Amino acid sequence: MTSLANVVDLIVFDFDGTICESADVKTDAFYRLYLDERGPEFATAVRDYHLEHVGISRFDKIVHVEETMLGRQCTDERLHLMAERFGSLVTDAVIAAPYCDGVPDFLDTFAGVVPMVIASATPTDELRYIVAARGLGSSFEAVEGSPSSKAEIISEFLVRRGAKAARTVVVGDQLSDLNGARAAGVGFVGFRPQTNDRLFENDVPVVAHFDQLGSAIISAMSRFAEHSLTTDRRDPT
């Protein structure tokens, strides 16, 4: 029987909505960020924009809100002020958020067996603080977040760890995770607890519980390797 360690050099996890159930924390924070200043109607519009761009850096979202939705220049001072307010709204709540289904058992089984890292849109320092506060430091060999994009983080992991793209897989719950994996040329498995969710294309492997993840990665990486080999053979260079 094929083991997970035989087919992957590296597993790259998203954090919010994949490792812990904290995606709604961020959604609520974007609503609250502008509620007192602009009222519920505008706060709802900000929340909706966030939901349409999940997985994108909070800094980029704040710039959009300030300059496109409010029509004013977003100075560095204003940007960092709003980002700090956002961080104060979410950090403790993310630390306290429950794990996604099956995460603790998966980490207990594979930490130290298969190299695992985190790539998130959360600022790196804040993300590392949260990971440490949750006692996950020994489970993940590296933790990286914004300002780098998902694709940049994944590509840097490949270089730093000497991992082969054809033996690296991203696990995430959003299209930004899938797009980052594709841009970096690595495999992908989606995590969506709602089985009737149709966020990803039909040919993208998706699991609803981490007890399904090991077998899903093995299957997905086998197909990914075959696809990569076929593509290489067709490449005239």
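The values are calculated or read from the model by the stated rules, or taken from the named source; none is laboratory data. What you are looking at is a predicted structure, and each value in this text was computed from that prediction instead of being measured. All Cβ positions, glycine included, derive from the backbone under ideal geometry; neighbour counts span all protein chains shown.
Checked against (1) at pLDDT 95 or above; (2) of a type in the set (A, V, I, L, M, F, W, C); (3) more than 17 Å from Met116 (Cβ to Cβ), Leu229 meets all criteria but (1). Could you run through segment 32-58 and say how many residues are at pLDDT 95 or above and in contact with a strand residue (DSSP E or B) (Cβ under 8 Å, 6 or more places away or on another chain)? Number satisfying all stated conditions: 0. Please indicate, with yes or no, whether at least one residue in segment 113-123 is in a helix (DSSP H, G or I) and either modelled with pLDDT under 95 or of a type outside the set (S, T, N, Q) (or both). No - not one qualifying residue is present in segment 113-123. Of the helices (runs of 4 or more DSSP H) lying entirely inside segment 1-95, those carrying at least 2 residues that are under 19 Å from Ile130 (Cα atoms) are 23-52, 58-64. Name every residue in segment 204-214 that is touching a helix residue (DSSP H, G or I) at 6+ places or on another chain (Cβ under 9 Å) and not aromatic (Phe, Trp, Tyr), in order of residue number. The answer is Val204, Pro205, Val206, Val207, Asp211, Leu213, Gly214. Among the strands (runs of 3 or more DSSP E) confined to segment 131-204, the ones with at least 1 residues that are over 26 Å from Pro98 (Cα atoms) are located at 168-172, 187-191. Residues in segment 152-190 that are surrounded by 24 or more Cβ atoms within 10 Å (Cβ to Cβ) and hydroxyl-bearing (Ser, Thr, Tyr): Thr168 only.
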